[in-house]
Every structure is written in C-alpha cells, then in structure tokens.
Amino acid sequence: MNLGPLLRGRFGRPFRWVDETETTQALLAADDPEGAVAAADHQTAGRGRLGRPWTAPPGTAITASVLLRPTAGAPVQQLSLVAGLAVAETVEAALDLSAQIKWPNDVMVDRRKIAGILAEARDGIVVVGIGLNVNQTREQLPADARVQAASLRSLDGVERDRAPLLADLLHRLERHYDAWAEGGLDAIFDGIGSRDFLRGRRVSVDGHEGVGNGLDRAGRLLVGDRPVESGEVDLV
Ligand code: BTN
C-alpha cells in the first residue's frame, strides 16, 4: 500500500506495510516516533480485546497499529474513545450514514460492529490497533461473532481502495489525539457523547445490570448512576 502521497499530517510517518504478519501490534517499538504506523494486508494472529482473536481474509480490512506517546500520567484508557471517534467519523464520511461508538472500543453501524480498537500500553508508549472491516462480503464476516459484524461493503455493496480510507482515518486520529493531549477528553467529548451506542440501552457489565446513561467526563460508562471504569458490556 502506498500511503505517502495521501498523508496530510504527522501520523503515518514512518508507514510500515507488510503483506503478512502475526499482528501489527508487534511491529512498533518504543524507539519509533509518535505517529508511526504499521499495517498489514493480512494478520495470521490478529488480536482483539480480552484475548479474543480478530480475523479478516487477506486484502479485505484495514488492520493498522499507531504508536502514541502521551505524557506521563495521562489517562491512556481514554485513547480507545479518541480512536473510536476517528474511526466513526471515517466510516460516516465513507458511507454517508451515522456510526456509533460502543464503549469502550467498538464502532457500530446499524447495530453491527464494523470496527474494533485495541489499545496496549508498554514501555511508555501506547500502541493503538484498529481493525476496520472494509471489503469483506457478508459471507466473509465472522459468523460466530458475539455481536453481529458488518463491513463497509456489506452495508452498501461498494468495494473500496483501503489507502485513502486509512489516510483519512490517520488524519482524523491525529486531530482528535492532539485535541485530547491539549484539552483532555472534554475537548472531543461532544463527538463521542453524541455517538454513544449504549445510551438508553439495557446493559450488563461484569454482573451489574442497568440502563446505559451516557459517559462521564472521564470517559467512564454510566450504568444507571454507577460509573464503570472498564469491562465487557453485553446488551440485555
Ligand atoms: C476488538 O474488537 O476487540 C479489537 C480488535 C482490534 C484489531 C486490530 S487489527 C490491527 C491491530 N492488530 C491486532 O492484532 N489487533 C489490532
């Protein structure tokens, strides 16, 4: 993939593209600069949250990892939401449909998961992995997913070049990340809060059941009036 001519900012420099790797999360290290990106045509051992696999047939999805270096003590658990906003906007621009962020790390369209985010902190860096379903046909999407999956193509039938989508995504991520680094979650809260998939839905998180009541200013999910730091959300 030739991303260079499409890049508009710092993110994506350097851009490491490989045909195949176990996981792009392993292709970035602490001596890479902030904004470095690794992406693959195919991952043979792609990871999701909570030790789950993340799979896509070769050549169909955006599977990319971005290196971030937030200041020490910054609330890095919010980075999934920062990336979620960038992904949701990218999907909206491509489809002309609205997308939602399912706290803490999924992007949804039409109640189906179209993208997932995995933020891993190590050695003073955070590697944010993004898996966005682009050209999978309905048959190629995981059928056993706990949440029904979608791709851009399964939603509108259009096959897309992934490079401009990734360039757009990186540009949006850079803008939202810079705003977050400067002003905290407040700086981008409206974009996230207005796309909250769980608001008003009955959910169960780690054994607690209640109605999704939005996110607080720290990015925690409110279940009723109880703030939840992290966890796995099931719709009831
Ligand atoms: C999830 O839905 O639980 C998160 C999925 C994250 C997948 C991306 S694809 C690029 C990066 N490499 C990985 O192995 N995982 C992330």
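Quick note: the coordinates plus some simple rules give every number you see, no bench work behind them. Every value quoted in this text rests on a predicted model; they were computed, and no experiment measured them. FYI the Cβ positions are ideal-geometry reconstructions off the backbone, even for glycines, and counts take in every protein chain you see.
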Going by how many other beta carbons lie within 10 Å of each one, how would you line up Leu141, Leu173, fewest first? Leu141, Leu173
The chain, relative contact order [Cα under 8 Å, separation at least 6], %: 17
Expressed in nm to one decimal, what extension gain is obtained for the pair Arg160 and Asp190 from 0.36 nm per residue of sequence separation less their Cα-Cα distance? 7.9 nm
Can you find, among Gln140, Leu118, Leu28, the residue sitting farthest towards the positive end of the charge dipole of the chain, where Lys and Arg contribute +1 and Asp and Glu -1 at Cβ? Gln140
Give the residue list of chymotrypsin sites (Phe, Trp or Tyr not before Pro) in segment 142-217 that are DSSP loop and have at most 15 other beta-carbon atoms within 10 angstrom. none
Report the antiparallel proportion of the DSSP beta bridges in the chain as a percent, rounded to a multiple of 5. 85
For Ala45 and Leu235 in one chain, what is 0.36 nm times their gap in residues minus the Cα-Cα distance, to one decimal in nm? 65.6 nm
How would the chain be classified by its alpha-carbon gyration tensor: rounded, prolate or oblate, with rounded meaning a/c under 1.5 and the a/b versus b/c comparison settling the rest? oblate
Helix-only mean residue ellipticity at 222 nm for the chain, each DSSP H run of n ≥ 4 adding -39500 (n - 2.57), per residue, nearest 500: -6500 deg cm²/dmol
Hypothetical label at Gln77: residues of segment 180-205 whose amide nitrogen lies under 15 Å (7 Å Cα-Cβ projection): 185, 205
What list do you get for Leu97, Leu67 if you sort them by fewest beta carbons within 10 Å? Leu97, Leu67
Total charge dipole magnitude, the chain, about the Cα centre, Cβ charges on Lys, Arg, Asp, Glu only, Debye to nearest 20: 260
With θ set to phi - 60°, apply the Karplus curve 6.51 cos²θ - 1.76 cosθ + 1.60 along segment 39-46 and write out the HN-Hα couplings as whole Hz, x wherever there is a Gly or Pro. 9, 9, 6, 8, 10, 8, 9, x
Among Ile114, Ile188, which comes first, then next, by fewest other beta-carbon atoms within 10 Å? Ile188, Ile114
Please give the residues of segment 222-236, grouped as numeric ranges, whose backbone N is less than 18 Å from a label point set 7 Å along the Cα-to-Cβ vector of Val211. 222-228, 234-236
If the chain between Ala181 and Glu20 were fully stretched, how many nm would it gain, using 0.36 nm times the residue separation less the Cα-Cα distance? 54.7 nm
